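Below you'll find the structure, written out as structure tokens, and then a few comments.
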Amino acid sequence: MSEVKLAAESRTEFGKGAARRIRRDNKVPVVLYGHGTEPVHLTLPGHELLLALRTPNVLISLDIDGKTNELAIPKAVQRDPLKGFLEHVDLLLVKRGEKVQVEIPVHTEGELAPGGNLLEHVLDALPVETEATHIPEAVTVSIEGLEAGASVLAKDITLPSGTTLAVEEDAVVLQVLAAQAEETEGESAEGEEAAEA
């Protein structure tokens, strides 16, 4: 898991006007909380934070005003719905060795059994508990040869060492659905005749 270092500045201005001024300077308003401490209001460089957030569950090392260093993971990210820029980010304070609950992406490899079946991701991300500085980037599941009706449960997924499920073992993560049969011309013609009668 990668650790990204960012320089953070304490924030003393609050409200919409202050947030707009921060964003105009290509920075992002951030709140850092956790461990029963008072929330700390910060600003982070917008572009660097955007790049860091491309990695799911990225570990961010914050250098706050050049005085203190803290570790955090993203907890909530607000983006502009049209332009996609970061409006606000909540960061959760973590410590080395501490266990955290996060969701990690589920990737698939292989091909389903022939027949035009469809793969449904019931869970796009798998809830797990893991050490804050060793959060897996993703888990990969083989779907090779799975047929319609097959499903992959949470307990079937091999997790990295030190990582445990934070969801029921029998939770369905992936399932294979049978392809929808298209109606033939004969069936549709019969249906039209019945409708006209």
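Legend: P(r) of region 50-100 from all alpha carbon pair distances, 10 Å bins from 0, whole percents, reading 21, 50, 24, 5.
When the Kirkwood hydrodynamic radius is evaluated over all pairs of different C-alpha atoms of region 80-137, what value in angstrom, to one decimal, is obtained?
Details: mean 1/r = 0.0663 Å⁻¹.
So the Kirkwood estimate lands at 15.1 Å.
Pairwise Cα distances in region 1-43 exceed 17 Å for 39 percent of all pairs. Cross-link reach is defined here as a Cα-Cα straight distance under 27 Å, omitting same-chain residues fewer than 8 places apart; for LYS99 the lysines meeting it are LYS5, LYS67, LYS75, LYS155.
Computed from the Cβ-Cβ distance with R0 of 25 Å, the FRET efficiency linking THR164 to ALA138 stands at 0.90.
Of the beta bridges DSSP finds with both residues in the chain, what % are antiparallel, to the nearest 5?
Values: 38 of 52 bridges.
Bridges in the chain that DSSP calls antiparallel: roughly 75 percent.
Dividing the helix sum by the residues of the chain, where each DSSP H run of 4 or more adds -39500 (n - 2.57), gives a mean residue ellipticity at 222 nm of -4000 deg cm²/dmol. Could you tell me which of rounded, prolate or oblate describes region 12-111, using a ≥ b ≥ c as the square roots of the eigenvalues of the alpha-carbon gyration tensor, with rounded for a/c under 1.5 and, failing that, prolate when a/b is larger than b/c and oblate otherwise? Verdict is oblate for region 12-111. Calculated from the alpha-carbon coordinates, the chain shows an Rg and a Dmax of 23.5, 84 Å respectively.
Calculate what fraction, in whole %, of the accessible area of the chain sits on carbon and sulfur atoms when a 1.4 Å probe is rolled over the protein chains. Can you show the working numbers first?
Numbers: 5740 of 11970 Å².
That fraction is 48 percent.
Per residue, the chain exposes 61 Å² of solvent-accessible protein surface, assessed with a 1.4 angstrom probe and all protein chains in place. Note on ALA125 and GLN180: with the Förster distance fixed at 25 Å, the Cβ-Cβ geometry gives a FRET efficiency of about 0.40.
The values are calculated or read from the model by the stated rules, or taken from the named source; none is laboratory data. What you are looking at is a predicted structure, and each value in this text was computed from that prediction instead of being measured. FYI the Cβ positions are ideal-geometry reconstructions off the backbone, even for glycines, and counts take in every protein chain you see. The area values use the complete protein model at the heavy-atom level, side chains included, leaving out ligands, DNA and RNA. Shrake-Rupley method; radii C 1.70, N 1.55, O 1.52, S 1.80 Å.
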